[in-house]
Amino acid sequence: MTETQTADIDLIQRIIPHRYPFLLVDRVEGIEGTERATGIKNVTFNEPQFQGHFPAQPIMPGVLMVEALAQTAAVMVGVAQNLVDKNFLVYFMAIDSAKFRRKVGPGDVLKLHVETKRGGGKVWKFEGRVEVDGELACECAFTAMMDLPKG
């Protein structure tokens, strides 16, 4: 059994290059090597997408939930492979079977569950699901290229 680890916002920023307004994960918990992890995203009204999506009823775009899952996966891999301060980049290659099940808005806390289906080289496959208060909000499979530093 793998020991679980946690990444706070400071460690997250030392692993992935994303910053405001595109850093979409606040904490990653339960990191079990490169197998699985759970990200936490606190949704607030101050986020820029809510100015236009939608002014009268702020709803988090589904594509941002998928991005938050990918960022969670990148942090998991970064922690497991000791990629802190290594200029680690990750690129989407595919997003499959994305389904959105409930609206997400300010005040919601997203639980971003990711599980590795294939990994270890440059191309990794993950499955992810987003839950709010135990209710499924989003699910998808995605493939990413990990630009792991040389050396």
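The values are calculated or read from the model by the stated rules, or taken from the named source; none is laboratory data. Keep in mind that what you see is a predicted model, and the values were worked out from it rather than measured. Counting neighbours? That spans all protein chains shown, and the Cβs are built from the backbone with ideal geometry, glycine included. For accessibility, only protein heavy atoms count, side chains too; no ligands or nucleic acids. Shrake-Rupley method; radii C 1.70, N 1.55, O 1.52, S 1.80 Å.
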For this session: Calculate the dipole size of the chain relative to its Cα centre from +1 charges on Lys and Arg beta carbons and -1 charges on Asp and Glu beta carbons; express the result in debye to the nearest 20.
Result: 420 debye
Exercise. Gain in length, residue 97 to residue 35, computed as 0.36 nm per residue apart minus the alpha-carbon separation, to one decimal in nm?
Worked result: 20.3 nm
Seminar exercise, completed: So the carbon and sulfur contribution to the accessible area of the chain, 1.4 Å probe, in percent, is 50 percent
Exercise. Mind checking which of 47, 127, 67 has the largest fluctuation in a GNM of the chain, springs on alpha carbons under 10 Å?
Worked result: 47
Problem set entry | Cα pair count fraction exceeding 12 Å, expressed as % - segment 78-120 | 81 percent
Exercise. Give or take rounding to whole Å, what are the principal axis extents of the alpha carbon atoms in segment 32-109, in descending order?
Worked result: 44, 28, 21
Exercise. Once the Cβ-Cβ distance between residue 19 and residue 150 is put in as r, and R0 is 25 Å, what FRET efficiency do you end up with, to the nearest 0.05?
Worked result: 0.55
Problem set entry | Amide proton proximity set for residue 89, modelled H, under 5 Å, gap of 5+ | 147
Problem set entry | Reported label for calculated Cα extents along the principal axes in Å given [x] 48, 37, 32; [y] 153, 39, 16; [z] 51, 28, 28 | [z]
Seminar exercise, completed: Residues whose modelled amide H sits under 5 Å from the amide H of residue 39, counting only those 5 or more places away in sequence or on another chain, are 29, 112, 113, 114
Problem set entry | Under the Karplus curve 6.51 cos²θ - 1.76 cosθ + 1.60, θ = phi - 60°, whole-Hz ³J(HN,Hα) for segment 116-127, x wherever Gly or Pro sits | 7, 9, 7, x, x, x, 7, 9, 10, 10, 10, 10
For this session: Show the residues, 5+ positions off or on another chain, whose built amide H is closer than 5 Å to the amide H of residue 33.
Result: 5
